[in-house]
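S.K.: Right, I'll just put the structure down here and ask away after.
Every number in this text was worked out from the coordinates using simple rules, so none of it is lab data. Just so it is clear, the structure is predicted and the values come from calculations on it, not from any experiment. Counting neighbours? That spans all protein chains shown, and the Cβs are built from the backbone with ideal geometry, glycine included.
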Amino acid sequence: MRHHSKVKKFGRVKKQRNALFKNLASSFILNGKLISSEAKVKSLRPVVETMVTKAKKNDLSSKKLLVSLVNKDAMQKLMSEIGPKFSQRPGGYTRITKMPRRIGDGAKMAKIEFVE
């Protein structure tokens, strides 16, 4: 039985889940916003917020950790643009906005974007 497990599995094994979040986080960081299902967006938010917190430090260990979590282009953008932009903000770097349901299967959709 699950008994309130905090990990949402999304019908994938662990390696596939990690690849999913790596790709979602990379595209979100590079584009500044992402539209996906509500469950994926809600699970992506804490991942991205910890990445921004690490990027604010701007040291070598943070770069190595971030490059293991996202691709190199996204890491460069985190360190050069996004980290300094939120240097004075203590947290809450992203905003989730609910959108209309997807037409094909009726899934709940949401948009995640950086707070200005």
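S.K.: In this structure, does K64 turn out to be farther than 23 Å from D105 by Cα, of a type in the set (K, R) and either surrounded by 15 or more Cβ atoms within 10 Å (Cβ to Cβ) or in contact with a helix residue (DSSP H, G or I) (Cβ under 8 Å, 6 or more places away or on another chain) (or both)?
M.R.: Numbers: farther than 23 Å from D105 by Cα: yes; of a type in the set (K, R): yes; either surrounded by 15 or more Cβ atoms within 10 Å (Cβ to Cβ) or in contact with a helix residue (DSSP H, G or I) (Cβ under 8 Å, 6 or more places away or on another chain) (or both): no.
Spelling it out, it is not the case that K64 is farther than 23 Å from D105 by Cα, of a type in the set (K, R) and either surrounded by 15 or more Cβ atoms within 10 Å (Cβ to Cβ) or in contact with a helix residue (DSSP H, G or I) (Cβ under 8 Å, 6 or more places away or on another chain) (or both).
S.K.: Go through the range 20-35 residue by residue and tally those that are of a type outside the set (A, V, I, L, M), farther than 16 Å from Q76 by Cβ and either buried (at least 19 other Cβ atoms within 10 Å of the Cβ) or in contact with a Ser or Thr (Cβ under 9 Å, 6 or more places away or on another chain) (or both). Working first, answer last.
M.R.: In the first step, residues of the range 20-35 are kept if they are of a type outside the set (A, V, I, L, M); the result is 21-23, 26-28, 31-33.
Checking the rest, the ones that are also farther than 16 Å from Q76 by Cβ come to 21, 23, 33.
Cutting the leftovers down to either buried (at least 19 other Cβ atoms within 10 Å of the Cβ) or in contact with a Ser or Thr (Cβ under 9 Å, 6 or more places away or on another chain) (or both) gives us 21.
Residues in the range 20-35 being of a type outside the set (A, V, I, L, M), farther than 16 Å from Q76 by Cβ and either buried (at least 19 other Cβ atoms within 10 Å of the Cβ) or in contact with a Ser or Thr (Cβ under 9 Å, 6 or more places away or on another chain) (or both): 1 in total.
S.K.: Tell me, which residue of the range 67-81 that is over 13 Å from the mean Cα position of the chain (by Cα) and touching a residue at least 24 places away in the same chain (Cβ under 8 Å) is surrounded by the fewest Cβ atoms within 10 Å (Cβ to Cβ)? Full working, then the answer.
M.R.: Of the residues in the range 67-81, the ones over 13 Å from the mean Cα position of the chain (by Cα) are 67-68, 72-73, 76-77, 79-81.
In the following step, the residues that additionally are touching a residue at least 24 places away in the same chain (Cβ under 8 Å) were identified as 73, 77, 79.
Numbers: D73: 11, K77: 17, M79: 20.
Step by step, filter the range 67-81, then rank; the result is D73.
S.K.: Let me ask another. Can you list residue pairs whose Cβ atoms sit under 6 Å apart, with the first residue in the range 30-52 being free of Cβ contacts under 8 Å to residues at least 40 places away in the same chain and the second being loosely packed, with under 15 Cβ neighbours inside 10 Å? Count only pairs 6 or more apart in sequence or on different chains.
M.R.: S43/K8
S.K.: Restricting attention to the range 93-116, report how many residues are closer than 15 Å to R45 by Cα and either touching a residue at least 40 places away in the same chain (Cβ under 8 Å) or surrounded by 13 or more Cβ atoms within 10 Å (Cβ to Cβ) (or both). First the steps, then the outcome.
M.R.: Narrowing the range 93-116 to residues closer than 15 Å to R45 by Cα: 93-98, 109-115.
Remaining after also requiring either touching a residue at least 40 places away in the same chain (Cβ under 8 Å) or surrounded by 13 or more Cβ atoms within 10 Å (Cβ to Cβ) (or both): 93-96, 98, 109-114.
Residues flagged as closer than 15 Å to R45 by Cα and either touching a residue at least 40 places away in the same chain (Cβ under 8 Å) or surrounded by 13 or more Cβ atoms within 10 Å (Cβ to Cβ) (or both) within the range 93-116 amount to 11.
S.K.: On the basis of being surrounded by fewer than 19 Cβ atoms within 10 Å (Cβ to Cβ), small (G, A, S) and free of Cβ contacts under 8 Å to residues at least 12 places away in the same chain, does S87 make the cut?
M.R.: Details: surrounded by fewer than 19 Cβ atoms within 10 Å (Cβ to Cβ): yes; small (G, A, S): yes; free of Cβ contacts under 8 Å to residues at least 12 places away in the same chain: no.
So S87 does not fit the description; no.
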